[in-house]
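Read the structure below first, then the notes.
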Amino acid sequence: MTAASILDAENVSLAYAQPNGQSLCVLQDFSLHLAAGEIVALLGPSGVGKSSLLRVLGGLQHAASGTVRAYGEVLNGPHPRLSMVFQDACLLPWLSLEQNVAFGLDFKHQPVLSAPERKQRVAAAIAEVDLSAVRQRYPSELSGGMAQRTALARSLARQPEILLLDEPFSALDEVTRGEMQALLRSLCRRHHTAAILVTHDIDEALLLADRVLLIGGSPGRQVGSWNVTLAEPRASFVRELAQLRLEIVEALHSAHASAKASIA
Ligand SMILES: Nc1ncnc2c1ncn2[C@@H]1O[C@H](COP(=O)(O)OP(=O)(O)OP(=O)(O)O)[C@@H](O)[C@H]1O
Ligand SMILES: [Mg+2]
């Protein structure tokens, strides 16, 4: 753990029981430290353990060994300052957009809010993602991008200091995805929210993250790390981005090759 880090995974190992009675070791001795306000992107081949790691970091799953600490305290379950956003917006179809956002405040481990504060938080979160005009609509009346923004608002209403996002924009079209990426980055910067973003999209990682980590191998471990220190707007640093992208693509190819070799 470093002085400034707010979320620390220390030597985390994770295993799943297999139908054949054997145990599949997914991650071994994995360590990660997240600083306040930092955005970290996690890349890696499919099945390497990114989602599993995110669930462990979010207190939704227990590690076989190792420790996860949030704000220095061992994490034994969901934490009120931590919020997760998944690939699927997971909205309840019988609740309006506004009610879905408010529902996030009823999750276990959330502090109980007064009615006016609750109302204010929900309205502010919906305004942040620019959906105030359609707050009465139901999920079936929302586009994929709107649904994903609603899911983000549901997390934001909880005023988290750490967002854990598992491929949140992968189902969206190119333009909407770009808008969501810009929105996420500006929200994180404005509220000094830290984030860990699992993605398969290297460009998304390079545009959003301060640090890109590559997980590879079987069991999974960190096989690459890049600091992205480009000024805004990043998209204007074409040559630097292309160089970083190339390095990451090469490392990802090696990680894929070693994952295949371990299956063979
Ligand atoms: N609940 C579970 N029970 C048994 N095995 C599981 C379970 N969840 C995941 N696994 C296995 O653990 C490994 C890692 O899965 P995980 O979903 O964490 O990978 P991932 O890196 O997120 O993959 P993807 O990029 O495809 O989303 C896979 O081999 C998967 O089959
Ligand atoms: Mg996954």
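Please pick out the residue among Arg221, Arg211, Arg190 that is modelled with pLDDT under 95, within 27 Å of Ala125 (Cα to Cα) and out of contact with any helix residue (DSSP H, G or I) (no Cβ under 6 Å at 6 or more places or on another chain).
Within the list Arg221, Arg211, Arg190, the selection yields Arg190.
Cβ contacts < 9 Å: first residue of a type in the set (Phe, Trp, Tyr), restricted to segment 180-195; second residue at pLDDT below 95 and buried (at least 19 other Cβ atoms within 10 Å of the Cβ), any location; separation 6+ or different chain. Result?
Here the result reads none, with nothing in segment 180-195 linked to a residue that is at pLDDT below 95 and buried (at least 19 other Cβ atoms within 10 Å of the Cβ).
Could you identify the single residue in Ala123, Ala70, Ala63, Ala41 that is hydrophobic (A, V, I, L, M, F, W, C), more than 16 Å from ligand 2 (Cβ to nearest atom), touching a strand residue (DSSP E or B) at 6+ places or on another chain (Cβ under 6 Å) and modelled with pLDDT of 95 or more?
Working: Ala123 fails: touching a strand residue (DSSP E or B) at 6+ places or on another chain (Cβ under 6 Å); Ala63 fails: modelled with pLDDT of 95 or more; Ala41 fails: more than 16 Å from ligand 2 (Cβ to nearest atom).
Only one candidate passes the filter, namely Ala70.
Being over 20 Å from Ala205 (Cβ atoms) and of a type in the set (A, V, I, L, M) is true for just one of Val26, Val48. Which residue is that?
Numbers: Val48 fails: over 20 Å from Ala205 (Cβ atoms).
Step by step, each of Val26, Val48 is checked, and only Val26 is over 20 Å from Ala205 (Cβ atoms) and of a type in the set (A, V, I, L, M).
Could you list, in sequence order, all residues of segment 1-54 that are charged (D, E, K, R) and either more than 15 Å from ligand 1 (Cβ to nearest atom) or surrounded by fewer than 17 Cβ atoms within 10 Å (Cβ to Cβ) (or both)?
Filtering segment 1-54 for residues charged (D, E, K, R) gives 8, 10, 29, 38, 50.
If the condition is that a residue be charged (D, E, K, R) and either more than 15 Å from ligand 1 (Cβ to nearest atom) or surrounded by fewer than 17 Cβ atoms within 10 Å (Cβ to Cβ) (or both), then Asp8, Glu10, Asp29, Glu38 are the ones that fit.
Scan segment 55-77 residue by residue and report those that are crowded, with 16+ Cβ neighbours inside 10 Å and over 11 Å from the mean Cα position of the chain (by Cα).
Hits for segment 55-77 are Val56, Gly59, Ala63, Gly66, Val68, Arg69, Ala70, Leu75.
Could you list all residues from segment 116-133 that are among the hydrophobic types (A, V, I, L, M, F, W, C) and surrounded by fewer than 18 Cβ atoms within 10 Å (Cβ to Cβ)?
Pass one, segment 116-133, residues among the hydrophobic types (A, V, I, L, M, F, W, C): 122-127, 129, 131, 133.
The answer is Ala123, Ala124, Ala127, Ala133.
The values are calculated or read from the model by the stated rules, or taken from the named source; none is laboratory data. Predicted model, so just to flag it, every value in this text is computed and none were measured. Heads up, the Cβs are rebuilt from the backbone with ideal geometry, glycines too, and the neighbour counts pull from every protein chain shown.
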